[in-house]
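Below: one structure, written as structure tokens.
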Amino acid sequence: MKIAFFDAKEYDIPSFQAAAKGTDLEFKFYETKLTADTVELAKGYDGVCVFVNDVVDSAVIEKLAEYGIGVLALRCAGYNNVDIRRCYGKLHVVRVPAYSPYAVAEHTMALLLTSIRRIHKAYNRTKDFNFSLRGLTGFDLHGKTVGVIGTGKIGRIFIDICRGFGMHVIAYDKYPAQGTDIEYVSTDELFRRSDIISLHCPLTEETYHIIGREAIGKLKKGAVILNTSRGALIDAEALLEGIKRRIVGAACLDVYEEESDIFFRDFSGHIVEDDVLARLISMPNVIVTSHQAFLTEEALTNIAETTVANLRAYFAGEHLENELCYRCGKVEDCKKERSERCF
Ligand code: NAI
């Protein structure tokens, strides 16, 4: 079975080759992203494998169906880039629901510590044999209040890490976890009380710009914002304004609303056209990483092995454990609930 693998990165290829070894799957690695302009590359393949910034909209879905492709394997957890409802009846969509929530939660804490203890500045200084401590004063995490939005797999691991630091945790989740000792509060209360806010919810219509002008207006002065979830959870222009007005004390962003044409690529030596991103990066209290929170060896192995297992189950006609919910509306007669294929 031949799989067209879009947006392939150097780090993907070894783990996918290892996972596919000895199976009947053969990957063709394309550097380009899947879009309506590139979908033709999938012609003649049996399946398609995509990542976070490939665009699986109605035009792409129609074309894939026309080419007789019946499976789309996401090698990530989030799927805001896929028009899920359109896929129903045409394209089975499978994903990797959890590959290493630890990787993302640990990266979030790494960003927080780097930012508030000024490690990024100290690293550059001592590289230049500058041992001055001027401007490096940080603050203790112990005793601070962290507000976590989204208490799923990653959010809860982040909560445990924060508790290890002696922080007080409050949280907001549309579907609060039952049987836990997490103190759930409204978003308003979370914005008012938190010294640090960390986003771990999916990007949906409801969570789009959950950190926007209104939310920023409610923040404690100096609040630190962490986003390792999805860029569009934050209105980047409002964030920039909040930083300039000294309301937001620091921001650590592993994701950015307009990242799709920028992240994962080398623009050193080029002029970046995105003024908001350029201005954010120029701020002394902003740290940006390029959607790398997932990037650990353990996660890469899990991603490749789960994706290969998802594709093999599809071609073997088996039940697809990691098939997405297409929100088909047949709530009373849900095939997924009965561990059957949705269509
Ligand atoms: P999860 O599905 O286990 O948890 C998500 C949580 O968000 C759930 O508890 C859910 O109830 C909650 N939620 C849903 N709608 C909400 C709303 N409107 N308001 C508040 N909370 C809401 O997902 P997991 O594995 O913890 O991942 C969280 C997010 O992390 C993903 O959606 C993805 O966008 C992001 N992610 C980022 C990575 C990176 O490399 N930066 C890698 C993997 C995931």
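The values are calculated or read from the model by the stated rules, or taken from the named source; none is laboratory data. This structure is a prediction, so every number in the text was calculated from the model and none was measured. Cβ coordinates were reconstructed from backbone atoms using ideal geometry, including for glycine residues, and neighbour counts include every protein chain displayed.
Could you list, in sequence order, the residues of the stretch 161-181 that are within 13 Å of the ligand (Cβ to nearest atom) and either farther than 18 Å from Asp195 by Cβ or in contact with a Pro (Cβ under 9 Å, 6 or more places away or on another chain) (or both)?
Those that are within 13 Å of the ligand (Cβ to nearest atom) and either farther than 18 Å from Asp195 by Cβ or in contact with a Pro (Cβ under 9 Å, 6 or more places away or on another chain) (or both): Asp173, Lys174, Tyr175, Pro176, Ala177, Gln178, Thr180.
Considering every residue within the stretch 118-141, establish whether at least one is assigned by TED's automatic domain parsing to the domain that holds His200, assigned to a loop (DSSP other than H, G, I, E, B) and within 16 Å of the ligand (Cβ to nearest atom). I'd like the intermediate steps shown before the answer.
First pass over the stretch 118-141, keeping only residues assigned by TED's automatic domain parsing to the domain that holds His200: 118-141.
From what is left, the residues that are assigned to a loop (DSSP other than H, G, I, E, B) are 118, 128-141.
Among the residues that remain, those that are also within 16 Å of the ligand (Cβ to nearest atom) are: none.
Scanning the stretch 118-141, I find no residue that is assigned by TED's automatic domain parsing to the domain that holds His200, assigned to a loop (DSSP other than H, G, I, E, B) and within 16 Å of the ligand (Cβ to nearest atom), so the answer is no.
Return the residue satisfying two criteria in turn: it lies in the stretch 142-160 and is among the small types (Gly, Ala, Ser) and under 26 Å from the mean Cα position of the chain (by Cα), and of such residues it is nearest to the ligand (Cβ to nearest atom).
Step one: filter the stretch 142-160 for residues among the small types (Gly, Ala, Ser), giving 143, 147, 150, 152, 155.
Those left that are additionally under 26 Å from the mean Cα position of the chain (by Cα): 147, 150, 152, 155.
On the way: Gly147: 12, Gly150: 3, Gly152: 2, Gly155: 5 Å.
The qualifying residue nearest to the ligand (Cβ to nearest atom) is Gly152.
If a residue has to be at negative phi and within 16 Å of the ligand (Cβ to nearest atom) to count, how many in the stretch 237-264 make the cut?
Residues meeting the conditions: 12.
Cβ-Cβ under 7 Å, sequence separation 6+ or interchain: first residue in the stretch 281-308 and under 19 Å from Ile262 (Cα atoms) and part of a loop (DSSP other than H, G, I, E, B), partner hydrophobic (A, V, I, L, M, F, W, C) and away from the ligand (no atom under 14 Å from the Cβ). Which pairs?
Within 7 Å, the pairs are Met283/Ile243.
Which members of the stretch 102-117 meet the condition of being within 16 Å of the ligand (Cβ to nearest atom) and either closer than 15 Å to Asp160 by Cα or of a type in the set (A, V, I, L, M) (or both)?
Tyr102, Ala103, Val104, Ala105, Glu106, His107, Thr108, Met109, Ala110, Leu111, Leu112
Could you tell me which of the residues Leu190, Leu199, Leu136 is at negative phi and more than 24 Å from the chain's Cα centre (by Cα)?
Working: Leu190 fails: more than 24 Å from the chain's Cα centre (by Cα); Leu199 fails: more than 24 Å from the chain's Cα centre (by Cα).
Only one candidate passes the filter, namely Leu136.
Out of Gly143, Gly155, Gly150, Gly164, I need the residue that is touching a strand residue (DSSP E or B) at 6+ places or on another chain (Cβ under 8 Å) and surrounded by fewer than 17 Cβ atoms within 10 Å (Cβ to Cβ). Which one? If you could, list the steps in order and put the result at the bottom.
Numbers: Gly155 fails: surrounded by fewer than 17 Cβ atoms within 10 Å (Cβ to Cβ); Gly150 fails: surrounded by fewer than 17 Cβ atoms within 10 Å (Cβ to Cβ); Gly164 fails: touching a strand residue (DSSP E or B) at 6+ places or on another chain (Cβ under 8 Å).
Within the list Gly143, Gly155, Gly150, Gly164, the selection yields Gly143.
Out of Cys49, Cys87, I need the residue that is over 19 Å from the mean Cα position of the chain (by Cα), of a type in the set (A, V, I, L, M, F, W, C) and not assigned by TED's automatic domain parsing to the domain that holds Ile161. Which one? Write out each step before concluding.
Values: Cys49 fails: over 19 Å from the mean Cα position of the chain (by Cα).
None of the other options fit; the residue is Cys87.
Spot the failing condition for Lys221; the list is (1) away from the ligand (no atom under 15 Å from the Cβ); (2) touching a residue at least 12 places away in the same chain (Cβ under 8 Å); (3) not in a loop (DSSP other than H, G, I, E, B), and only one is missed.
All conditions are met except number (3).
When the residues of the stretch 199-217 are narrowed to those that are assigned to a helix (DSSP H, G or I), surrounded by fewer than 16 Cβ atoms within 10 Å (Cβ to Cβ) and not small (Gly, Ala, Ser), which ends up farthest from the ligand (Cβ to nearest atom)?
Here is the first cut: in the stretch 199-217, the residues assigned to a helix (DSSP H, G or I) are 213-217.
Subset that is surrounded by fewer than 16 Cβ atoms within 10 Å (Cβ to Cβ): 213-214, 217.
The next check asks that each one be not small (Gly, Ala, Ser); those that pass are 213-214.
Details: Arg213: 18, Glu214: 15 Å.
It comes out as Arg213.
Just checking, does the stretch 174-192 include any residue being assigned to a loop (DSSP other than H, G, I, E, B) and acidic (Asp, Glu)?
Checked against the condition, which is being assigned to a loop (DSSP other than H, G, I, E, B) and acidic (Asp, Glu), the stretch 174-192 yields at least one hit.
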